[in-house]
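The values are calculated or read from the model by the stated rules, or taken from the named source; none is laboratory data. Just so you know, these numbers come straight off a predicted model, no measurement behind them. Cβ placement follows ideal geometry from the backbone for every residue including glycine, while neighbour counts extend to all protein chains displayed. Just so you know, the surface numbers come from the protein's heavy atoms only, side chains and all, with ligands and any DNA or RNA stripped out. Shrake-Rupley method; radii C 1.70, N 1.55, O 1.52, S 1.80 Å.
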Amino acid sequence: MSASSSLSSGSGEIARSSGSSSHTASCLIRSSSPGATDSPLFAASRGCDAVGFDGEIEGYPSPSTYSSSRRCSSVAWHPTMASRRGFASSSVEPVVLTRKRSFALSETEERIFSLLRNTIEHLKLDTRARVAGGWVRNKLLGVPCGDVDFAMEKMTGEVFAGHLQRYLKECLPTENKAHVLGATHVVHANPEQSRHLETVRTLLYGQLIDIAHLRSEIYTEEDGRIPKAQFGSPADDAYRRDFTVNALYYNLHTDSVEDYTGRGLEDLERMILRSPVPPMVSLKEDPLRALRAIRFIATFDLKIDPELFQAMSSEIVKIGISTKVSKERLGHEFARMIPSAHFHRAMRLLIESELYLFFFDFRRWFWNSSTIERSLRRCEMVLDHLARVGASDTQSGQSASTVNEQRNLLSVAAFLFECFQDERDSSGLMLELRDHMFELAKVPYVLSQQIGDYLVLLLNGSRLWKLDNSETSSSCAMFTLREKIEIGDWVNRCGSQLSPILLVLEVLFEQRGLALRLETHLIELDLRHCVHLPPLVTGADVLKCGIPTGARVGVLLQQVRNWQILHSSATRERALEQLRDLVA
């Protein structure tokens, strides 16, 4: 089975065709403005009338023009062969969308944009300011925005930041400038790690912003891998970006969204991720874009362009990741995938493209393709199960991001379960897995250790509950006193994630209703209280009993804790009495 057909049948992640003219969007671009409705933005490109827009969409090509000049996979769909390997031209006219009909600005955003416009107009600067990238995409999708990235014409971010400081000093002498403009610092370019652009980072009215310049890239014969950056047009800048949906600009001066690739707005409407240039060209320049693609797909539930998937699955891109991308950036990208709302998309794409090898090298544990596919299906079932019952959200006030993160980390542990099912040294396993992920990609310890902890809980849970793949279930009479203590300790380690972990065990052992049966067993064994097991005695209490500092202190504390596990109505007074009996 080809990669494309496998993915299409597995999760429908690959768009049917990059040249399809049918409307396959799962949702329309939505306005965040009060009372806004689904946008008729792309009615014109589908051969319909754009009702209500009255000519506010400019420069959009007709369907026939778009199909013939922009959708073929060869270089022919690009406007000229002038710059950045011929993919952009300064004369390209953008598709223009009036902002007021698409999304609203916050009060802080209004103040920031007004300040930048006033700076340019008052000082008569030969530049124009645009917001680029993710902020525009998120505004059009109606999802929260993070940092604001500005792209300046004919001026570096550092120079413009100096003008901004000058304007504040000259024109706003009475305003508290510390509340307007924070400290600025330059983030230097690092071409060896695919970071080609120098930016200035600062705070404006409390909002983190980056300021850089529109640029084009020239590749020389001396070093075709690292481009030489120079000032460029908006079109130059758009074609050097990673994906069309990130190559959109909000022009502060015209209050409109500009699409210089002619594809970004439609791709956002159809929820498709594609590169503005041939994907292999883009991924060779910055191989990390392969993993960024997976993150965006998992975050926004996008379809992926078949050519992009084919390129990111190639050995050339994998070699590029190995040689050009630091382990820190790999780990950071994985960490940003974890809170995504559609993490199952990330897992399938990582496996199908074999990019998972940068985070989990399963070959050291002798996995084969059938084992991986089976484990991947279980991972997807776990996520679906948890999402449907909402079992992860056990604490009031949890953010969606936190809930997603715990679900997704637990699903990774479920994915690894079969590989380690016969592992006996659970503590050593957690450390091995944590160090393995850190060695490969410097995945933050806090994440890799959490995955390891969940995996150990699943493995120990299956052992303590004496689970197998039959429909028979352990009865309470089967457990010895020692086993009851071990189960109570396991429940305590599960903590607030007990219910999700029981559901995962149900999926792993394919026993419908197993989670409910285990919950019933906990009640019958009088161990449900172990989820929250506060210590009733301390080391100081042991010392007061005349026991000298040493190993016996810890032994006595553990014995009291074991007693507490078996007695749900235990109090501090009774625990102290139990301690005195043990000492005597």
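Values computed for the structure shown
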item	result
Subset of segment 280-294 (residues that are in contact with a Leu (Cβ under 7 Å, 6 or more places away or on another chain) and open to solvent by 10 Å² or more (accessible area, probe 1.4 Å))	R289
Listing of helices (runs of 4 or more DSSP H) fully contained in segment 309-379 that carry 1 or more residues being within 25 Å of L505 (Cα to Cα)	327-337, 343-353
Enumerated helices (runs of 4 or more DSSP H) restricted to segment 510-584, each holding at least 3 residues that are closer than 15 Å to I487 by Cβ and of a type in the set (D, E, K, R)	514-524
Residues within segment 124-142 that are free of Cβ contacts under 8 Å to residues at least 40 places away in the same chain and either among the hydrophobic types (A, V, I, L, M, F, W, C) or in contact with a Leu (Cβ under 8 Å, 6 or more places away or on another chain) (or both), tallied	1
The listed residue being in contact with a Ser or Thr (Cβ under 6 Å, 6 or more places away or on another chain), in contact (Cβ under 8 Å) with a residue 40 or more places away in the chain and either at positive phi or among the hydrophobic types (A, V, I, L, M, F, W, C) (or both), out of A290, A298, A341	A298
Complete set of residues in segment 188-236 that are open to solvent by 30 Å² or more (accessible area, probe 1.4 Å), of a type in the set (G, A, S) and either modelled with pLDDT under 70 or assigned to a loop (DSSP other than H, G, I, E, B) (or both)	A189, G206, G224
Qualifying position, being more than 14 Å from A151 (Cα to Cα) and either at pLDDT below 95 or open to solvent by 10 Å² or more (accessible area, probe 1.4 Å) (or both), among T244, T254	T254
Cβ-Cβ under 7 Å pairs, at least 6 apart or on other chains, segment 477-488 side closer than 14 Å to W465 by Cβ, far side open to solvent by 50 Å² or more (accessible area, probe 1.4 Å) and assigned to a helix (DSSP H, G or I)	K484/L566
Checklist (1) at pLDDT below 95; (2) open to solvent by 10 Å² or more (accessible area, probe 1.4 Å) applied to Y260, failing item	(1)
Residue in segment 100-113 that is within 19 Å of T244 (Cα to Cα), touching a Ser or Thr at 6+ places or on another chain (Cβ under 6 Å), modelled with pLDDT under 95 and crowded, with 20+ Cβ neighbours inside 10 Å present	yes
Hits in segment 436-468 - residues which are crowded, with 17+ Cβ neighbours inside 10 Å, in contact with a Lys or Arg (Cβ under 7 Å, 6 or more places away or on another chain) and more than 21 Å from V491 (Cα to Cα)	A441, K442, S448
Whichever residue in segment 127-152 is assigned to a loop (DSSP other than H, G, I, E, B) and modelled with pLDDT of 95 or more and, among such residues, is farthest from N246 (Cα to Cα)	T127
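For every residue, the table says whether it meets (1) open to solvent by 10 Å² or more (accessible area, probe 1.4 Å); (2) closer than 22 Å to E432 by Cβ; (3) touching a His at 6+ places or on another chain (Cβ under 8 Å).
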site	(1), (2), (3)
Q310	yes, no, no
E328	yes, yes, no
F343	no, no, no
E352	yes, no, no
F358	yes, yes, no
I372	yes, yes, no
